[in-house]
Amino acid sequence: MGTATVSPKVRTQHELNITRVFDAPRELVWKAWTDPEHMKQWFGPRQFEALDLTVDVRARGKWRDRLHSDGFTDSAGEWRTADVWQGGEYMEVVEPERLVFTFHWEEGSGLPEHDTVVTITFQEHGGKTTMNFHQAFFVTQEDRDGHMKGWNSSLDKLEEFLREVEYGG
């Protein structure tokens, strides 16, 4: 019986890696990822708001939220409103260093409904935090690229939120 392997090129086409440096201490960045009141302020791309957010940040704990938009332009150039549910399960929680959780769009969202695994590490240096974000495996590059756009938009909002919290606006 043979074995199947995935070439490194194909594998990396279906993985997402993002590194950001936040001008905030690691404990604050950790709290922004784990405290639902903080998460509601930034979680989700621009023009979307995280509603009905629940998190149980412990191994085997669940997370879930509804992303709501009163209006945005979709990839076809059409103006839409939206409510989509996403969620998953925490697999590993090492405060304040590492979060690992599954991510999926719920049935009926119109988005790919397979699970991916998100791994985030946080390293502090000189009062700043380097966040390494990894998500895998996507079925298509298009799915990966959609997540890249969404996560980068969310992380821009996170950066603004951290600045407000850290410096009072």
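Can you tell me which residue within the stretch 52-65, out of those that are surrounded by 14 or more Cβ atoms within 10 Å (Cβ to Cβ) and among the hydrophobic types (A, V, I, L, M, F, W, C), is farthest from residue 104 (Cα to Cα)? Checking each candidate, the answer is 57. The set of residues in the stretch 14-29 that are over 17 Å from residue 164 (Cβ atoms) and crowded, with 19+ Cβ neighbours inside 10 Å comprises 16, 26.
Can you find, within the stretch 125-142, the residue that is surrounded by the most Cβ atoms within 10 Å (Cβ to Cβ) among those that are out of contact with any Asp or Glu (no Cβ under 9 Å at 6 or more places or on another chain) and farther than 26 Å from residue 111 by Cα? The qualifying residue surrounded by the most Cβ atoms within 10 Å (Cβ to Cβ) is 131.
Go through the residues of the stretch 128-136 one by one and say whether even a single one is assigned to a strand (DSSP E or B), over 24 Å from residue 47 (Cα atoms) and either touching a Gly at 6+ places or on another chain (Cβ under 7 Å) or β-branched (Val, Ile, Thr) (or both). The answer is yes, given that some residue of the stretch 128-136 is assigned to a strand (DSSP E or B), over 24 Å from residue 47 (Cα atoms) and either touching a Gly at 6+ places or on another chain (Cβ under 7 Å) or β-branched (Val, Ile, Thr) (or both). I need the full set of residues from the stretch 137-169 which are touching a helix residue (DSSP H, G or I) at 6+ places or on another chain (Cβ under 8 Å), closer than 13 Å to residue 14 by Cβ and in a helix (DSSP H, G or I), in order please. Those that are touching a helix residue (DSSP H, G or I) at 6+ places or on another chain (Cβ under 8 Å), closer than 13 Å to residue 14 by Cβ and in a helix (DSSP H, G or I): 141, 144. Cβ-Cβ contacts under 7 Å between residues 6 or more apart (or on different chains), taken from a first residue in the stretch 88-105 that is within 13 Å of residue 63 (Cβ to Cβ) to a second residue that is part of a strand (DSSP E or B) and among the charged types (D, E, K, R), are listed as 89/62; 100/92; 101/89; 102/89.
Report yes if residue 148 is at pLDDT 95 or above, surrounded by 13 or more Cβ atoms within 10 Å (Cβ to Cβ), more than 22 Å from residue 61 (Cβ to Cβ) and hydrophobic (A, V, I, L, M, F, W, C), otherwise no.
yes
Could you name every one of the helices (runs of 4 or more DSSP H) located completely within the stretch 1-108 that has at least 2 residues being at pLDDT 95 or above, of a type in the set (D, E, K, R) and within 26 Å of residue 124 (Cβ to Cβ)?
26-34
The residue that is surrounded by the fewest Cβ atoms within 10 Å (Cβ to Cβ), among those in the stretch 66-91 that are closer than 26 Å to residue 135 by Cα and polar (S, T, N, Q), is 75.
The values are calculated or read from the model by the stated rules, or taken from the named source; none is laboratory data. Predicted model only: the values in this text are computed from it and were never measured. Cβ: placed from backbone, ideal geometry, glycine included. Neighbour counts: every protein chain shown.
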